[in-house]
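Report on the structure given below.
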Amino acid sequence: MTLAGIRMIRLVALLTLSLVMATGCTWRDRANDYRQAQLSKPLQLPPQIQSDALHDSYRVPGIESHVVLPGKFSVPQPDPLIKDAEQGVVRIQKMGDERWVLLDGSPGQIWPRLRGFLDLGGFPIARTDAVNGIIETSWVQPRLEDQPRERYRFRIEQGVQRGTSEIYVLQSVVDSGESRWPRGSFSEEREQKMTLALAQYLADSEAASSVSMLAERNVEAGGRISLVGGPQPYVKLQLPFDRAWASLANAIEKSGFVIDDRNRSEGHYWITIAEKGSESQWFRRFVEDKDSEAKSFIVEIKAVTEDDMRITVSPLEPRDDNRDVLERVLKQIKGYIS
């Protein structure tokens with residue numbers, strides 16, 4: 001290529017770039033254009049056109065009064081999202097001789113997933129009661145021929161926390177001599193294997209989009225735990241004492257506190273804010289913002305009825321009686337009870 005040709009190519013490229021820049025191929029940030037927006041004049045219609053249907057649906061009202069609050073104040077810290085880090089994970093919990101599967105989802109959402117597990121395993125269904133969350137299988141023969149025929153009963157209950165469910169498994173055998181379902185499984189080993197298989201299936205499978213409305217009918221959306229406000233706030237927990245006592249200890253340790261002592265007969269836990277941990281550090285800052293020096297508390301659980309517990313918190317030192325701090329301790333512990 002000659003020198004003249006190279007110069008001609010450069011000239012064409014330069015002219016092309018100049019043309020592109022001249023035609024306005026530039027970019028401008030329009031994020032703040034709304035600041036220069038102005039109100040337009042009302043729409044003028046001809047006299048023969050009715051304007052009743054035309055109005056400003058999104059009119060922004062003006063500020064009628066403006067009051068400056070006296071003094072200075074500090075904006076309080078927002079409440080943290082209190083939720084057990086293990087929630088969202090399918091877990092098997094055990095209390096004495098009883099075990100159950102705990103997972104996220106209301107009973108109405110878990111019902112079709114339980115049906116899917118039984119269909120996949122080839123278990124024939126003998127009876128279903130969606131209102132009470134019960135599914136019973138027919139008699140089946142285990143793979144080991146030396147074992148008697150067996151059947152299973154699955155019961156779905158509302159979990160302690162909102163949006164959780166518990167599944168209980170009961171096993172019976174044909175040689176037990178009972179036509180009714182027993183209070184406990186005939187074989188704890190077989191019950192445990194079935195519970196493990198169910199938990200594994202629920203953990204591996206995706207949540208079903210379908211919901212059983214019948215299974216939702218007798219379920220309260222708020223779970224079995226609630227915070228009752230007032231001059232002396234408390235946590236209402238619908239569990240028997242044995243399970244409530246154990247669940248409370250687990251929740252205290254997860255929520256950023258250390259159990260210094262306990263007295264089951266009196267229903268007392270003596271707790272102190274832990275030295276380390278994100279939960280405890282946040283709580284220490286909260287206490288400081290309330291101009292309080294409270295670090296130790298007494299958590300008390302009392303049985304109102306056989307399946308209805310009341311949990312309260314009081315300061316170890318009477319001088320640390322701060323209602324906001326005590327209510328925050330209750331909220332902190334409540335979020336971890338399961």
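Observations on the model:
- All of (1) in a loop (DSSP other than H, G, I, E, B); (2) under 30 Å from ALA244 (Cβ atoms) hold for PRO142 with one exception: (2).
- Selected residue (criterion: surrounded by the fewest Cβ atoms within 10 Å (Cβ to Cβ)) from residues of the range 238-295 that are without any contact (Cβ under 8 Å) to a residue 60 or more places away in the chain and basic (Lys, Arg): LYS276
- Look at (1) on the phi > 0 side of the Ramachandran plot; (2) crowded, with 17+ Cβ neighbours inside 10 Å and you find that PHE123 fails only one, number (1).
- The residues of the range 298-329 that are assigned to a helix (DSSP H, G or I), touching a Ser or Thr at 6+ places or on another chain (Cβ under 8 Å) and surrounded by fewer than 19 Cβ atoms within 10 Å (Cβ to Cβ) amount to a single one, ASP320.
- Single residue of the range 181-198 satisfying the filter (in a loop (DSSP other than H, G, I, E, B) and among the polar types (S, T, N, Q)) that is farthest from LYS94 (Cα to Cα): SER187
- Filter result for THR164 (closer than 17 Å to GLY121 by Cβ, of a type in the set (S, T, N, Q) and either crowded, with 17+ Cβ neighbours inside 10 Å or in contact with an Asp or Glu (Cβ under 8 Å, 6 or more places away or on another chain) (or both)): no
- Test result for ILE156, touching a Pro at 6+ places or on another chain (Cβ under 6 Å), in contact (Cβ under 8 Å) with a residue 40 or more places away in the chain and either outside any loop (DSSP other than H, G, I, E, B) or over 20 Å from GLY116 (Cβ atoms) (or both): yes
- Considering ARG285, ARG262, the condition of being within 20 Å of PHE241 (Cα to Cα) and either more than 24 Å from the chain's Cα centre (by Cα) or part of a helix (DSSP H, G or I) (or both) is satisfied by ARG262 alone.
Rule-based calculations on the coordinates, nothing more; no lab input. Keep in mind that this is a model prediction, so the values were computed, not measured. Cβ atoms come from the backbone with ideal geometry, glycine included; neighbour counts cover every protein chain shown.
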